[in-house]
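Down below is the structure, laid out as structure tokens.
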Amino acid sequence: GGDTVYIPAKVRRESTPQAVELAKYLQRENISLYAAYWCPHCRNQREMFGREALQYVNYVECAPKGYGFDAKTCKAADLEGFPTWKDGKRKEIGSGEMTLESLAKATGFPGKFDGSLEEPLPMSGGGSCQ
């Protein structure tokens, strides 16, 4: 096949230690990020974690041409837009771009999370892609 497969944009920034801890916690709790490679809000969401932390994030690609596209999981998740965070029981935790601090709160992260240590992203308005 000559089918082109698209991968999400590379994440540029370095993770803070707390971002890594949060990502490891989300992985342990079986919490997944449902996203699409073409969605700028998903790119922002991934960028917020940074390179190191992102390795631990359970990323589910829901765009048919995206690398690792998981049709079954995405269909079962019944998403209204991207990015969306869901737990292992597919219960929605949050939809649209979330700050790491609000994600930590929404998921019951046991550690201390200081949002002021995370550099805000330019043009990050907390939106979502349909």
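The values are calculated or read from the model by the stated rules, or taken from the named source; none is laboratory data. Because the structure is predicted, anything quoted here is derived from the model rather than measured. Backbone-built Cβ (ideal geometry, glycine too); neighbour counts: all protein chains shown. Just so you know, the surface numbers come from the protein's heavy atoms only, side chains and all, with ligands and any DNA or RNA stripped out. Shrake-Rupley method; radii C 1.70, N 1.55, O 1.52, S 1.80 Å.
Okay, here's what the table says:
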{"quantity": "Members of segment 85-115 found to be more than 15 Å from residue 30 (Cβ to Cβ), touching a helix residue (DSSP H, G or I) at 6+ places or on another chain (Cβ under 9 Å) and among the polar types (S, T, N, Q), listed by number", "calculated": "99, 102"}
{"quantity": "Selected residue (criterion: surrounded by the fewest Cβ atoms within 10 Å (Cβ to Cβ)) from residues of segment 74-114 that are closer than 21 Å to residue 6 by Cβ and in contact with a Lys or Arg (Cβ under 9 Å, 6 or more places away or on another chain)", "calculated": "77"}
{"quantity": "Members of segment 68-88 that are among the aromatic types (Phe, Trp, Tyr) and more than 24 Å from residue 22 (Cβ to Cβ)", "calculated": "69"}
{"quantity": "Matching residues in segment 17-55 - criterion: being touching a helix residue (DSSP H, G or I) at 6+ places or on another chain (Cβ under 7 Å) and hydroxyl-bearing (Ser, Thr, Tyr)", "calculated": "34"}
{"quantity": "For residue 117: the one exception among (1) open to solvent by less than 70 Å² (accessible area, probe 1.4 Å); (2) out of contact with any Lys or Arg (no Cβ under 7 Å at 6 or more places or on another chain)", "calculated": "(1)"}
{"quantity": "When residues of segment 1-55 are limited to those that are open to solvent by less than 50 Å² (accessible area, probe 1.4 Å), polar (S, T, N, Q) and not in a helix (DSSP H, G or I), the one nearest to residue 84 (Cα to Cα)", "calculated": "32"}
{"quantity": "Where a residue in segment 101-130 is among the aromatic types (Phe, Trp, Tyr) and its partner, wherever it lies, is modelled with pLDDT of 95 or more and open to solvent by 30 Å² or more (accessible area, probe 1.4 Å), with Cβ under 6 Å and at least six apart", "calculated": "113/101"}
{"quantity": "Test: residue in segment 61-71 that is within 14 Å of residue 129 (Cα to Cα) and of a type in the set (Phe, Trp, Tyr)", "calculated": "no"}
{"quantity": "Tabulated pairs, segment 5-30, first of a type in the set (A, V, I, L, M, F, W, C), second surrounded by fewer than 18 Cβ atoms within 10 Å (Cβ to Cβ) and assigned to a loop (DSSP other than H, G, I, E, B), C-beta under 6 angstrom, 6+ apart or interchain", "calculated": "5/67; 7/67"}
{"quantity": "Where residue 32 falls short, out of the listed (1) of a type in the set (S, T, N, Q); (2) over 22 Å from residue 113 (Cβ atoms); (3) modelled with pLDDT of 95 or more", "calculated": "(2)"}
{"quantity": "When residues of segment 56-73 are limited to those that are assigned to a loop (DSSP other than H, G, I, E, B) and among the small types (Gly, Ala, Ser), the one surrounded by the fewest Cβ atoms within 10 Å (Cβ to Cβ)", "calculated": "68"}
